[in-house]
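Chemist: One structure, pasted below without further comment.
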Amino acid sequence: MNTMKLKSLFIANALLLGAGFMANAQADSSAQPDNAALIKQGEYVARLGDCGACHTVAGKPSFSGGLAINSNLGTIYSTNITPDKDHGIGGYTEAQFSDAVRKGVLPDGTRLYPAMPYPDYAKINDEDMHALYVYFMQGVKPSAEQPPETDLSFPFSQRWGMRFWNWAFASDKPFRPIGGASEQVNRGAYLVESLGHCGSCHTPRGFGMNEKALDSSDSDFLAGGSLNNWDVPSLRGVAHWNEQEIVDYLGKGRNDKAAVGGEMTSVVENSTAHMTDDDLKAIAAYIKFLGGNPPVPAEDTQKASATEAKLTAAKNLSEGERLYLDNCGACHFVTGKGAPGVFPQLDQATIVNAKDPTGLIHTILAGAQQPSTARAPSTLAMPGFANRLTDEEAAQLSTFIRQGWGNNAPAVTAKDVSEVRKTLTK
């Protein structure tokens, strides 16, 4: 082969290699933005699913687990779900990841406890599941953090028994749109029933500690329940709020009537505050679509006026009324209405009129803090009065609040307060 032919062959090969390199480079550059978009979508899906609330502990890497979840069975610790191959989920295929999230089954056959809300996550669609997998594998930093092992007492330590629990109480049915409902309502239904797993707290539990219903076809769904002795209100219709007030509560952590407290603080901070306006409106539309709550009774204006007048005069006060003026009146006022968007109202508030007074007592003793969100960045805090009030004083104060203005709830005893005080973190 002569020199000219060798040169020609070399040039041709170089051109082919160059063309291949350019083609691969173009393919990579076109794929990269798509992958970035998928990771971003997966990050949003993780927010919708509130994954960070259980799998991230303050001071530890994101999603590295270790949160202690108190249950009736004992303490369950959340796992490391970073893409670390030894301590996290880095070795999971997408199918294995889906089985863990939707079915509560790990690659080795180990079965998760339903503290992981897989009965609700079963309804996550394939598109969101794929985006979630890509995000956790490519958008989350691996961590070698090793959370404590969950070690429940017998017989709850026998995880194989969860196979029968799943057969009795879980479902592998995908999300089913509500016939005749609008696209917005069905978007809200999908978010609430699947990723939002709202039913895990707001649906009553059965004898097997199972959610009595998993979707809106059953009237038990979102009909209210109890969590750590706090009454969890029904979400069916939420007659006392309009749609915008629901949107504000979820997006800001407060509205003109109420502010988040208890477990909902974490839900807003880690999940709902990061939702788009459209998704928040869809959730509100779905909740209103459900209906089912009795209408709010007409305000007893005569009783409310009598309470306001007595507090204003500040004469012949009961112990509870005096304690209210000394400790609460500056923010919640003699009207019990608070300040819209700043201090929640006490008159006809759900937490005040709950059958179980634990939530109100806990708030009085430990205080509360509204989360800082993008839509409402200011952080407003209520101080706790545990060191200021005796059990009897806190009981008198709670009783007045539960029976003043238009409220009509049973009295609180010093024993009730003592039991709640024991649960406070020192």
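The values are calculated or read from the model by the stated rules, or taken from the named source; none is laboratory data. Source: prediction; values computed, not measured. Every residue, glycine as well, gets a Cβ built from its backbone with ideal geometry; the counts of neighbours run over all protein chains shown. Ligands, DNA and RNA are excluded from the accessible area calculation, which covers all protein heavy atoms including side chains. Shrake-Rupley method; radii C 1.70, N 1.55, O 1.52, S 1.80 Å.
Chemist: At pLDDT 95 or above and either in a loop (DSSP other than H, G, I, E, B) or among the charged types (D, E, K, R) (or both) - does that describe any residue in region 159-172? Walk me through it before giving the result.
Modeler: Initial filter on region 159-172 (at pLDDT 95 or above): none.
Within region 159-172 (the criterion being at pLDDT 95 or above and either in a loop (DSSP other than H, G, I, E, B) or among the charged types (D, E, K, R) (or both)), the answer is no, since none of the residues qualifies.
Chemist: Where in region 317-367 are there helices (runs of 4 or more DSSP H), lying wholly inside it, with at least 1 residues that are open to solvent by 40 Å² or more (accessible area, probe 1.4 Å) and touching a residue at least 60 places away in the same chain (Cβ under 8 Å)?
Modeler: Working: elements: 319-327, 329-332, 350-353, 358-366.
Correct list: 319-327, 350-353, 358-366.
Chemist: Inside region 102-133, can you point out the residues that are among the hydroxyl-bearing types (Ser, Thr, Tyr) and in contact with a strand residue (DSSP E or B) (Cβ under 8 Å, 6 or more places away or on another chain)?
Modeler: To start, the set of residues in region 102-133 that are among the hydroxyl-bearing types (Ser, Thr, Tyr) comprises 110, 113, 118, 121, 133.
Passing the criteria: only Tyr113.
Chemist: Inside region 100-116, can you point out the residues that are open to solvent by 20 Å² or more (accessible area, probe 1.4 Å) and under 22 Å from the mean Cα position of the chain (by Cα)? Give the steps one after another, and end with the answer.
Modeler: Narrowing region 100-116 to residues open to solvent by 20 Å² or more (accessible area, probe 1.4 Å): 102-103, 105-112, 114-116.
Hits for region 100-116 are Arg102, Lys103, Leu112, Pro114, Ala115, Met116.
Chemist: Here is a further query. Is it fair to say Glu183 is open to solvent by 50 Å² or more (accessible area, probe 1.4 Å) and assigned by the TED database to the domain that holds Gly65?
Modeler: Details: open to solvent by 50 Å² or more (accessible area, probe 1.4 Å): yes; assigned by the TED database to the domain that holds Gly65: no.
Here the answer is no, as Glu183 does not meet what is asked.
Chemist: Kindly indicate the residue of region 186-203 that is open to solvent by 30 Å² or more (accessible area, probe 1.4 Å) and not in a helix (DSSP H, G or I) and also farthest from Asn166 (Cα to Cα) among those meeting that condition.
Modeler: At the first step, the residues of region 186-203 found to be open to solvent by 30 Å² or more (accessible area, probe 1.4 Å) are 187, 197-198, 201.
Among the residues that remain, those that are also not in a helix (DSSP H, G or I) are: 197-198.
Values: His197: 17, Cys198: 19 Å.
Result: Cys198.
Chemist: Ok, one more. Conditions: (1) touching a Leu at 6+ places or on another chain (Cβ under 9 Å); (2) farther than 20 Å from Gly253 by Cα. Gln370 meets all but one. Number of the miss?
Modeler: For Gln370, the failing item is (2).
Chemist: May I pose another question? If I filter region 207-222 down to residues being open to solvent by less than 40 Å² (accessible area, probe 1.4 Å) and small (Gly, Ala, Ser), which single residue comes out as farthest from Lys422 (Cα to Cα)? Show your work before the answer.
Modeler: Within region 207-222, the subset open to solvent by less than 40 Å² (accessible area, probe 1.4 Å) is 208, 210-211, 213-214, 216, 221-222.
Those left that are additionally small (Gly, Ala, Ser): 208, 213, 216.
Values: Gly208: 28, Ala213: 33, Ser216: 38 Å.
In this case the residue turns out to be Ser216.
Chemist: Identify all residues within region 368-395 that are closer than 18 Å to Gly329 by Cα and either among the aromatic types (Phe, Trp, Tyr) or assigned to a loop (DSSP other than H, G, I, E, B) (or both); write none if there are none.
Modeler: Leu380, Pro383, Gly384, Phe385, Ala386, Arg388, Leu389
Chemist: Any chance region 110-117 includes a residue that's more than 27 Å from Val192 (Cβ to Cβ), out of contact with any Leu (no Cβ under 9 Å at 6 or more places or on another chain) and not hydrophobic (A, V, I, L, M, F, W, C)? Even if it seems obvious, please write down each step before you answer.
Modeler: Of the residues in region 110-117, the ones more than 27 Å from Val192 (Cβ to Cβ) are 110.
Subset that is out of contact with any Leu (no Cβ under 9 Å at 6 or more places or on another chain): 110.
Now drop any that are not not hydrophobic (A, V, I, L, M, F, W, C), which leaves 110.
Scanning region 110-117, I find at least one residue that is more than 27 Å from Val192 (Cβ to Cβ), out of contact with any Leu (no Cβ under 9 Å at 6 or more places or on another chain) and not hydrophobic (A, V, I, L, M, F, W, C), so the answer is yes.
Chemist: Restricting to region 317-337, count the residues that are in contact with a Lys or Arg (Cβ under 8 Å, 6 or more places away or on another chain) and either closer than 18 Å to Gln370 by Cα or not hydrophobic (A, V, I, L, M, F, W, C) (or both). First the steps, then the outcome.
Modeler: Filtering region 317-337 down to residues in contact with a Lys or Arg (Cβ under 8 Å, 6 or more places away or on another chain) leaves 317, 321, 327.
Still in the running and either closer than 18 Å to Gln370 by Cα or not hydrophobic (A, V, I, L, M, F, W, C) (or both): 321, 327.
Residues that pass the stated criteria total 2.
Chemist: Just to be sure before I move on: is Ala95 surrounded by fewer than 20 Cβ atoms within 10 Å (Cβ to Cβ) and in contact with a strand residue (DSSP E or B) (Cβ under 8 Å, 6 or more places away or on another chain) in the structure I sent? Even if it seems obvious, please write down each step before you answer.
Modeler: On the way: surrounded by fewer than 20 Cβ atoms within 10 Å (Cβ to Cβ): yes; in contact with a strand residue (DSSP E or B) (Cβ under 8 Å, 6 or more places away or on another chain): no.
No.
Chemist: Among the residues of region 35-53, which ones are crowded, with 21+ Cβ neighbours inside 10 Å and without any contact (Cβ under 8 Å) to a residue 40 or more places away in the chain?
Modeler: Within region 35-53, Cys51 is the sole residue that qualifies.
Chemist: Got a sec? Which of Arg421, Arg402, Arg388 is within 29 Å of Ile246 (Cα to Cα), at pLDDT 95 or above and among the basic types (Lys, Arg)?
Modeler: Numbers: Arg421 fails: within 29 Å of Ile246 (Cα to Cα); Arg388 fails: within 29 Å of Ile246 (Cα to Cα).
Just a single option satisfies the conditions, and that option is Arg402.
Chemist: Any residue in region 159-179 that is in contact (Cβ under 8 Å) with a residue 24 or more places away in the chain sitting within a Cβ distance under 8 Å of a residue that is part of a helix (DSSP H, G or I) and of a type in the set (Val, Ile, Thr)? List the pairs, counting only those 6 or more apart or interchain.
Modeler: Taking only residues 6 or more apart or on different chains, the pairs are Ile178/Val185.
Chemist: Consider Ala131 carefully, then state whether it is open to solvent by less than 30 Å² (accessible area, probe 1.4 Å) and outside the structural domain of Gln41 (by the TED database).
Modeler: On the way: open to solvent by less than 30 Å² (accessible area, probe 1.4 Å): yes; outside the structural domain of Gln41 (by the TED database): no.
So Ala131 does not fit the description; no.
Chemist: If you take the residues of region 239-266 that are closer than 14 Å to Ile351 by Cα and of a type in the set (A, V, I, L, M, F, W, C), which of them is surrounded by the most Cβ atoms within 10 Å (Cβ to Cβ)?
Modeler: Among those residues, the one meeting the criterion is Ala259.
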